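Input: a single structure, listed below in structure tokens.
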Amino acid sequence: MAARDWLTEYQSSGYSQPLLLLLLPPSVLLCAAWLYLRYLYVDFAPLKGIPEIPGGSLLYGHLKLLGKDHATTAQQWAEQYGWPIFQVRLGYRRVVFLNGFQVAREWLVTHQAATIDRPTFYTFHGVVSKTSAATVGTNPWNERTKKQRLVVGSLTTAPAIQRLASMIDLETSQMVKSIFQASKIGSTEVMPHLSQKRLALNIVLMFCYGRRFDDIDDPLLLGILRDASLISTFRSTSGNAQDYVPYLRYLPSFLKDKKRMAMATEVRTRRDKWLASLLQEVEDNIAVGQATNCVAAGLLTDTDGGITNCKALHVSGLGFKMLMSSNADDVRTILGGLMSGGFETVFSTTIAGIAYLASPDGQIAQQRAYDDIVQSYGSPTEAFDRAVHEEKSSYMVAFVRETLRCYPPSHLLPPRQMFKDCDCGGVQVPKGLMVLVNCQSVNRDPATYGPDAHLFRPERWLDKDTPYNVPPPYEFAFGAGTRGCTAINFSNRILYATFVRLITTFRIRQSEKQPPCLHYIDYNCDTSVTVACPKDFKASFQLRDRKTFDASLARSQEKTISVTNGIVK
Ligand code: HEM
């Protein structure tokens, strides 16, 4: 029966009024919902002057279109439309995506005072970090964040990291030694991941709590590593739809991802426990007069030990008194943030660098690096020793930068939020708007790096006659501007020393059966987490020269004899 016939028959039957009355409330509700989603739901109206990616839905915006790997989809959109900057909607939040080097530099460096804030999120701030510290790159711009930046910044200035050299010395020589032992004097292929994880975690632990793990299988070490990876998933933009679509939080419990919310609470409880026990250890040490030279001791004591000796803090004019006004929350936030910010990023970069070195192309890089290192320091033993103090090999400096450019730990940088209204390149950008920097695409921008932007080529940083003279920050792995990473010098030194010591000690070759993946997206075993975790691979680590190795280790051991398990005597 045709619809019109049915309607006529229905009207003549006298039932039309009750039906209309029945349909009216849902229609009004639907209309109201549509009007709400269309005009009131989103935090900001579309920004004039920045193109918007088409196809977003009313409720989810572009969240579903971005899929599991936001950095890669955004990079594809930028290329497809030719837009280095565009806007999208993640549920109720309007977001500006920066995908090109120049535009990222303009927003993060030129307008650094305006882009200094960070958004807070329901899952991460409301559940995972409710009772303890948030992690690095997640705090809004406030007094606590300023303190955290002050502490880390003053402890990791170029002169201050000289004080940390013995720590880097100890951990990088232990790392080389553990690879040598695992490779059974070069006869067995090794998966270098665990040795790099321990290196990164121990350095950050020593820095924060004056504590290290000797045993690579220590249950606390493995627990911290596991929790940190899990926490990383709760910070990601792609795995937490309830952050952007608030209604998902109020779904009846049988529709909610109950397992994941339970996981968030569990990991929070576990993390609170190990953060508290690490801090307790420092307090106990202080109580028996064994204050360690670490951030925690500095925050907890006002004696002459620890951070009070840090001249940079006094020079800064804020002095120790200001730090002592830190309450327990500040101490936890500072330390919890540092722990996660430091170790995942360092681990991700060293593994990506080793993967490249082990590859067939990496053989040429290893030879160039070795020659330049020996020429710069005079001998491999001297290089092994001095690498923790001074970065003399320009090839290795270039290698570290190129590794960070091609394999940045955070493919999508921790989100920013506008701290105040700003005119960014002629566009009026309001306070409170969320901004995402797509480091994966910024760092491969051919307009900045040239047509070979996709190639791993450390030489690009040494070439004086290139038409592509890249200005600071050179690449965006550390972010940029006032809210960029506070530990750039420190991190660069760790990476430099790690690679110099590996190259002067071993010839590294990939396994035939389990070679590394070098593809800039596929090398990452989970693109939905915030910090890339390079996939497993194996390599052989052939000792270059036994005598040099023994002499280098002996020298390092002698110098780090005072750096025992936690107590820097
Ligand atoms: C390869 C090593 C590292 C990389 C690639 C890295 C990267 C980053 C990035 C991308 C940010 C956010 C920057 C932005 O929004 O512009 C950041 C912030 C930060 N990082 Fe690092 N980081 C590294 C190592 C470390 C280490 C070793 C520490 C300390 C032990 C550290 C402490 C911090 C702190 C305190 C912040 C400031 C966060 C804020 O103000 O919100 N980072 N880092």
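Need pairs with beta-carbon distance below 7 Å; first residue under 21 Å from Ala447 (Cα atoms) and near the ligand (Cβ under 6 Å from one of its atoms) and within region 474-486, second small (Gly, Ala, Ser) and part of a helix (DSSP H, G or I); sequence gap 6+ or separate chains. Sorted first by the residue in region 474-486, then by its partner, the list stays empty. Contact map, region 204-226: residues that are of a type in the set (Phe, Trp, Tyr) and at pLDDT below 80 paired with residues that are within 16 Å of the ligand (Cβ to nearest atom) and part of a loop (DSSP other than H, G, I, E, B), Cβ distance under 9 Å, separation 6+ or inter-chain. No pairs are found.
Checking Thr131, Thr138 one by one, the residue that is modelled with pLDDT under 80, outside any helix (DSSP H, G or I) and within 13 Å of the ligand (Cβ to nearest atom) is Thr138 and no other. Looking for something among the basic types (Lys, Arg), within 20 Å of Pro119 (Cα to Cα), under 26 Å from the mean Cα position of the chain (by Cα) and in a loop (DSSP other than H, G, I, E, B) - is there at least one such residue anywhere in region 425-434? So far as region 425-434 goes, yes, one or more of its residues are among the basic types (Lys, Arg), within 20 Å of Pro119 (Cα to Cα), under 26 Å from the mean Cα position of the chain (by Cα) and in a loop (DSSP other than H, G, I, E, B).
Would you check if Phe419 is within 30 Å of Leu63 (Cα to Cα), modelled with pLDDT of 95 or more, surrounded by fewer than 24 Cβ atoms within 10 Å (Cβ to Cβ) and not acidic (Asp, Glu)?
Details: within 30 Å of Leu63 (Cα to Cα): yes; modelled with pLDDT of 95 or more: yes; surrounded by fewer than 24 Cβ atoms within 10 Å (Cβ to Cβ): yes; not acidic (Asp, Glu): yes.
The answer is yes for Phe419.
Of all the numbered requirements in (1) more than 12 Å from the ligand (Cβ to nearest atom); (2) not in a helix (DSSP H, G or I), Ser166 misses one, and that requirement is (2).
With respect to Val437, is the statement that it is assigned to a strand (DSSP E or B), under 22 Å from Ser340 (Cα atoms), of a type outside the set (Gly, Ala, Ser) and touching a helix residue (DSSP H, G or I) at 6+ places or on another chain (Cβ under 9 Å) true? So Val437 passes the test.
To keep it simple, each residue is scored yes or no on (1) within 13 Å of the ligand (Cβ to nearest atom); (2) touching a Leu at 6+ places or on another chain (Cβ under 6 Å); (3) in a loop (DSSP other than H, G, I, E, B).
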residue: Glu344; (1), (2), (3): yes, no, no
residue: Ile364; (1), (2), (3): no, no, no
residue: Glu382; (1), (2), (3): no, no, no
residue: Glu390; (1), (2), (3): no, no, yes
residue: Asp423; (1), (2), (3): no, no, no
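Regarding Phe506, is this residue more than 16 Å from the ligand (Cβ to nearest atom), surrounded by 21 or more Cβ atoms within 10 Å (Cβ to Cβ), touching a residue at least 12 places away in the same chain (Cβ under 8 Å) and of a type in the set (A, V, I, L, M, F, W, C)? Give the steps one after another, and end with the answer.
On the way: more than 16 Å from the ligand (Cβ to nearest atom): yes; surrounded by 21 or more Cβ atoms within 10 Å (Cβ to Cβ): yes; touching a residue at least 12 places away in the same chain (Cβ under 8 Å): yes; of a type in the set (A, V, I, L, M, F, W, C): yes.
Answer is yes for this residue.
The values are calculated or read from the model by the stated rules, or taken from the named source; none is laboratory data. These numbers were taken from a predicted model, which means no experiment stands behind them. Don't worry about glycine lacking a Cβ; one is built from the backbone with ideal geometry, like all the others, and counts go over all protein chains shown.
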